[in-house]
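Structure first, commentary second.
The values are calculated or read from the model by the stated rules, or taken from the named source; none is laboratory data. Small disclaimer: the values here were computed from a predicted structure and weren't measured. Methodologically, a virtual Cβ is constructed for each residue, glycine included, from the backbone with ideal geometry; neighbour enumeration extends over all protein chains shown. In case anyone asks, the SASA skips ligands and DNA or RNA and just uses the protein heavy atoms, side chains included. Shrake-Rupley method; radii C 1.70, N 1.55, O 1.52, S 1.80 Å.
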Amino acid sequence: MQKQKAPIPIPASVCGIIGRLNRAGYEAWAVGGCVRDSLFGRTPHDWDLCTSALPEQVAEVFRGERLLPTGLAHGTQTLLEDGKPYEITTYRVELGYSDGRHPDAVAFTPSLTEDLARRDFTVNAMACHPMLGLADPFGGQADLQAGVLRAVGDPEQRFSEDALRILRALRFAAVYGLAVEEHTARAARTLAPRLALVSRERVTQELWKLLAAPDGAAAARVLRQFPEVVREILPELAPCMGFDQHSAWHQYDVWEHQLHAMEAVQANTPEELPLLRLAALIHDIGKPETFQLGPDGQGHFYGHGKAGAALAQAMLTRRLRLPTQTCQRVVLLVERHDVPLTPTPKAVRRTLAALGPQAASQLAAVHLADLQAHHLTGRNGERLRGFLAETREFAALLEEETRRGVCVSLKDLAVNGADLLKLGYAPGPALGAALNGLLARVVDGSLENRREVLLAAAVDMKRAAAP
Ligand code: ATP
Ligand code: MG
């Protein structure tokens, strides 16, 4: 086997597909995200290919194999090999973008450079071949090494063609820790209003990927740098920007405080990271409308958790159209971010019983992030550090109680409805109330979760309730 000349390791399966197209007389390259990720030292999540072969010629090369017409109108087919999908797309150019989001038409071209020129950013406009090495006509590798995100061609034109690219710019800058090049950044700000043309689903998808960036500081930096874009996709956050809190607890305005909280928030799993970052980013969204200036010159925000929950609800469901469960969870975290978490076993068990282990631990994470984003060296620094220590203690107790598997729900209770029926309880709401009454006493520690103990308590309760 010949030695690869590519600057990145191309999997054997991809080399095989490229080789077969080459032997049939066509050009073929690995392209886009997989090249960018490999050069960046990350494992690509998929490998896309581009080729000079027309779609019917690709079909001819892979005749009898599993080739699916996944985007035939745009020249894309997906080859399934060993259960893995490989997108193979004919070199193409895009013609006209009258609606600001889709090309009016695509045309095939024999030129790799033309195909790379239609791509959004230089780091995404590279192709790689096992023997021919890197094709990089726009300097993507140098930009990647210098940590720069730059549009291919004229950024104003590229963002006017497809406004989603503005959000993709922020996403790539956040995920790869790149600085958006000056002209590209200026065009993104100027053309941000065109994001209104993009479908909500695509906006949400990009935002979610941005929020999942490995480095929270990079995500916060990008959002801080592009308030025009944030205002466009999340106008509910606009009042937070520059909103002076008039508070000795804070050294930041509401928006800056939320950015710091987003940067600080820690997740237990990678899946929950974007959700927690979103909750941290909007947790004080209710502050501007609840602001009151006290006689002492201090700002107060009574009820801002509840007010924020209502704003968040509308924003997450109607604007971002996130899945119901995600909306409910973020709204809950916003609503409760300001309710103190007392580090006692009883309070921890109550929180567990009310929210369940996952939401309870996420709530502790949001509390910690919120506190960390306060003025820790200011006048109230000592008290803030005290709250932080208490919240950390709460989180540790929560972990301990969850690990011990303490009883926090009816299904953990050592008796059930059938047991109470046998004691003469009538079926119906009273039975449910009795079970919940027992659970509440187990949760607060006044009853042991043992069958005999609970049955005896149930008998007493019934006797006490008798006329
Ligand atoms: P990831 O798959 O990690 O989200 P990616 O760069 O692979 O990132 P895709 O959406 O899979 O993104 O697109 C593959 C390639 O197609 C990109 O690398 C880029 O070259 C090009 N591309 C995607 N979307 C656009 C767009 N809106 N405008 C221009 N080129 C695009
Ligand atoms: Mg991709």
In degrees rounded to 10, the 0-90 angle between helix 273-282 Cα long axis and the longest Cα principal axis of the chain is 70 degrees
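Taking every pair of alpha-carbon atoms in region 101-212, give the share separated by more than 20 Å as a whole percent. Present the calculation step by step, with values, prior to reporting the outcome.
On the way: 2671 of 6216 pairs.
Tail of P(r) above 20 Å: 43 percent of Cα pairs.
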Computed for region 173-231: size of charge dipole around the Cα centre, +1 on C-beta of each Lys and Arg, -1 on C-beta of each Asp and Glu, debye to nearest 20, value 200 debye
Of every Cα-Cα pair in region 165-323, the percentage lying beyond 24 Å is 34 percent
Here the gain from full extension of R403 to E289, 0.36 nm per residue of separation minus their alpha-carbon distance, amounts to 37.0 nm
Extension length gain for D296 and A238 (0.36 nm per residue less Cα distance), in nm, is 18.2 nm
For region 260-346, averaging the sequence separation of alpha carbon pairs under 8 Å that lie six or more residues apart and dividing by its residue count, the contact order in percent is 26 percent
Output ordering of 66-79, 299-312, 10-23 (per-residue mean of other Cβ within 10 Å, highest first) is 299-312, 10-23, 66-79
Using the Kirkwood radius over Cα pairs of region 297-411, the Stokes-Einstein translational diffusion coefficient at 25 °C and 0.890 mPa s, in µm²/s and rounded to a whole number, is 159 µm²/s
Relative to the chain, whose Cα atoms define the longest principal axis, helix 357-372 and its Cα axis are tilted in degrees, nearest 10, by 80 degrees
Tilt, helix 429-443 to longest principal axis of the chain (alpha-carbon atoms), in degrees rounded to tens, equals 90 degrees
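By DSSP, what percent of the beta bridges with both residues in the chain are antiparallel, rounded to the nearest 5?
80 percent
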Output for region 1-99 (equivalent-ellipsoid semi-axes, sqrt of 5λ from the C-alpha gyration tensor, Å, descending) is 22, 18, 13
SASA check, D154, accessible area w/ 1.4 Å probe, all protein chains in place, rounded to nearest 10 Å², comes out at 80 Å²
As straight-line cross-link partners of K5, the qualifying aspartates and glutamates (C-alpha separation under 17 Å, not fewer than 8 residues apart within one chain) are E27, D136
At the level of C-alpha centres, the distance separating region 52-79 and region 327-387, in angstrom, is 53 Å
Projecting the Cα atoms of A314, L355, H246 onto the charge dipole of the chain, where Lys and Arg contribute +1 and Asp and Glu -1 at Cβ, the residue farthest towards the positive end is L355
Per-residue ellipticity at 222 nm attributable to helices in the chain (runs of n ≥ 4 DSSP H, -39500 (n - 2.57) apiece, nearest 500 deg cm²/dmol) works out to -15000 deg cm²/dmol
For the chain, the per residue accessible area (1.4 Å probe, Å²) is 47 Å²
Computed about the Cα centre, the charge dipole of region 9-62 from +1 Lys/Arg and -1 Asp/Glu charges at the Cβ has a magnitude in debye, to the nearest 20, of 200 debye
Toy charge model, Lys and Arg Cβ at +1, Asp and Glu Cβ at -1: the chain dipole around Cα centroid in debye, rounded to 20, equals 1060 debye
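Taking only Cα atoms of the chain, what ratio of Rg to Rh do you get with Rh as the Kirkwood inverse-distance radius?
The Rg/Rh ratio comes out at 1.10.
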Quick calc of log₁₀ I(q)/I(0), region 193-259, Debye, one scatterer on every Cα, no solvent, q values 0.18, 0.19, 0.21, 0.28 1/Å, result -0.75, -0.82, -0.95, -1.28
A chain fully extended from L54 to L72 at 0.36 nm per residue, minus the present Cα-Cα distance, gains in nm 5.4 nm
Carbon plus sulfur, as percent of the 1.4 Å-probe accessible area of the chain, comes to 53 percent
Taking a ≥ b ≥ c as the square roots of the eigenvalues of the Cα gyration tensor, with a/c under 1.5 meaning rounded and otherwise prolate when a/b exceeds b/c and oblate if not, region 115-157 is oblate
Which of K209/K346; K306/K422; K411/K462; K306/K411; K209/K411; K209/K306 exceed 32 Å between C-alpha atoms? The answer is K209/K346; K306/K422; K209/K411
extent check for region 351-467: Cα max minus min per principal axis, descending, whole Å, gives 62, 29, 22
Counting only DSSP beta bridges with both partners in region 26-180, the antiparallel fraction in percent, to the nearest 5, comes to 80 percent
